[in-house]
């Protein structure tokens, strides 16, 4: 029986090894990279300014997601190979190149990408200055001028120092009703948000506007600013409550009842929970209803809110009226 000798593939180890690091990708990211329209990548470093607990680890960001980069050690060496010319073999009087493979790098560690579990609003709130007193605001600088006019990082500066993708950053910015004025960024307190919402309700009533319909923002600006609130803050609140997940366009905003009702309850509860003596559930629900257009008041219910143990402890247990 005839046999054919197989000497295998020639293998060598390159004398000068290259410094390479292998990167292991999660399946969803690999699918994005190999798609017809791969996303843009950016490599950023966690900043100590972004959070008091960050350790300087690198993260990899696409436009919509953030991945932790973790170094993983392996007891098995991984060799990186490439085709190489081994020798020239005489064939019919001619030298024909012979090829094999050569190890050009030896990797004992790998980089692994894991979806980052980051509380984006908490990170953002940590670096933003708090806007609490509209009477000492950015427009009325007679009172509290030293605090409210101090220059801080701009929105673009904050984003450059955040371990977040563009979408995660913008979602957190919108959720907090953060706003920028004179290249300085602010995050309003719950009491401030309650105040500007009352001002919006009052302005709509004076102007004869229905918040259930599309509202021309210019009709609200003057009256809201007379109460000491800034126009950028008004736009931030309306963007937070806008029906679709975009910034209101062409000066019009359509407020979503599904967004507005729980948001008003959340900021009202956060504001009232700071008061001593706890919160009466019946009084809280009544105040919540009074801060909404009449057609939306039947939707008020505690199960719309994310109640933490700390907040629940402030509610009077003896009052169970709904």
For residue 63, the lone unmet condition from (1) assigned to a strand (DSSP E or B); (2) surrounded by 12 or more Cβ atoms within 10 Å (Cβ to Cβ) is (1)
Which condition number in (1) surrounded by fewer than 17 Cβ atoms within 10 Å (Cβ to Cβ); (2) within 16 Å of residue 233 (Cβ to Cβ); (3) modelled with pLDDT of 75 or more is the one that residue 114 fails?
(2)
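Can you say whether residue 236 is modelled with pLDDT of 85 or more, in a helix (DSSP H, G or I), within 24 Å of residue 187 (Cβ to Cβ) and in contact with a helix residue (DSSP H, G or I) (Cβ under 6 Å, 6 or more places away or on another chain), as far as the supplied structure shows?
Numbers: modelled with pLDDT of 85 or more: yes; in a helix (DSSP H, G or I): yes; within 24 Å of residue 187 (Cβ to Cβ): yes; in contact with a helix residue (DSSP H, G or I) (Cβ under 6 Å, 6 or more places away or on another chain): no.
Here the answer is no, as residue 236 does not meet what is asked.
Each row is one residue, and each column tells you yes or no for (1) crowded, with 16+ Cβ neighbours inside 10 Å; (2) modelled with pLDDT of 90 or more; (3) touching a strand residue (DSSP E or B) at 6+ places or on another chain (Cβ under 8 Å); (4) assigned to a helix (DSSP H, G or I).
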residue: 210; (1), (2), (3), (4): no, yes, no, no
residue: 247; (1), (2), (3), (4): no, no, no, no
residue: 267; (1), (2), (3), (4): yes, yes, no, yes
residue: 270; (1), (2), (3), (4): yes, no, no, yes
residue: 276; (1), (2), (3), (4): no, no, no, no
residue: 295; (1), (2), (3), (4): no, yes, no, yes
residue: 319; (1), (2), (3), (4): no, no, no, no
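Across the stretch 44-89, what is the total count of residues that are farther than 25 Å from residue 20 by Cα and at pLDDT 70 or above?
Kept after step one, since they are farther than 25 Å from residue 20 by Cα, are these residues of the stretch 44-89: 47-54, 63-65, 87-89.
Cutting the leftovers down to at pLDDT 70 or above gives us 63-65, 87-88.
Qualifying residue count, the stretch 44-89: 5.
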Does the stretch 190-204 contain any residue that is more than 29 Å from the chain's Cα centre (by Cα) and without any contact (Cβ under 8 Å) to a residue 12 or more places away in the chain?
no
Do we have residue 220 as farther than 26 Å from residue 167 by Cβ and part of a loop (DSSP other than H, G, I, E, B) here?
no
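The values are calculated or read from the model by the stated rules, or taken from the named source; none is laboratory data. The structure presented is a predicted model; accordingly, all values stated were derived computationally and were not measured. Neighbour counts run over all protein chains shown; Cβ positions are idealised from the backbone, glycine included.
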